[in-house]
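Working notes for the structure below.
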Amino acid sequence: METRNTVQRSLVLNAVQHLFHPTADEVYEYICADHPTVSRGTVYRNLHLLVELGRMRRVPVADGADRFDKTLSAHYHIRCRVCGLVSDVDMPYQKELLNSVLDAHGFLIEEHDILLKGVCPQCRQLRENATGYSESILK
């Protein structure tokens, strides 16, 4: 696919590289702060194209807005169910999972996304401060 590198595309890529797992709306707001004439549609189209071109990854979020990631290598994410923060998980990519699914179900898996859900340290601290009990006491 032949594509030109446009100013708008560069703005979108730059926004994703400076923000941490942003939504499409967050990318749009970041760009509009300095470039108010760039339309929301232009941002969305360029996000989609940059994912297709392999310049960024889309992080699917089942119960929220998809996120975009500058890290191209295969890795996992975790999402705080309280504040919505999406972070990288520091663990090796589980290649053997692909073979397990092929063996058990016959599917040839080309890639997989795993989004873990939990409560981030900041939200846990806020809960602890509000209740007066530490997380370990509540278990």
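Only a single item in (1) in a loop (DSSP other than H, G, I, E, B); (2) within 18 Å of the chain's Cα centre (by Cα) is not met by TYR28, and it is number (1). Among (1) loosely packed, with under 15 Cβ neighbours inside 10 Å; (2) within 30 Å of VAL7 (Cβ to Cβ); (3) not small (Gly, Ala, Ser), there is one condition LEU116 misses while meeting the rest; what is its number? Going through the list (1) loosely packed, with under 15 Cβ neighbours inside 10 Å; (2) within 30 Å of VAL7 (Cβ to Cβ); (3) not small (Gly, Ala, Ser), LEU116 breaks only (2). Only residues that are surrounded by 12 or more Cβ atoms within 10 Å (Cβ to Cβ) and not in a helix (DSSP H, G or I) were counted across the range 1-25, and they come to 6.
Looking at HIS35, HIS48 in this structure, which one is without any contact (Cβ under 8 Å) to a residue 40 or more places away in the chain and in contact with a helix residue (DSSP H, G or I) (Cβ under 7 Å, 6 or more places away or on another chain)? Explain how you work it out, then say what you get.
Details: HIS48 fails: in contact with a helix residue (DSSP H, G or I) (Cβ under 7 Å, 6 or more places away or on another chain).
On inspection, the qualifying residue turns out to be HIS35.
Only the coordinates and a few stated rules stand behind these numbers; no lab work does. Treat the numbers as computed from the prediction; the structure is a model and nothing was measured. Note: ideal-geometry Cβ built from the backbone for every residue, glycine included; neighbour counts use all protein chains shown.
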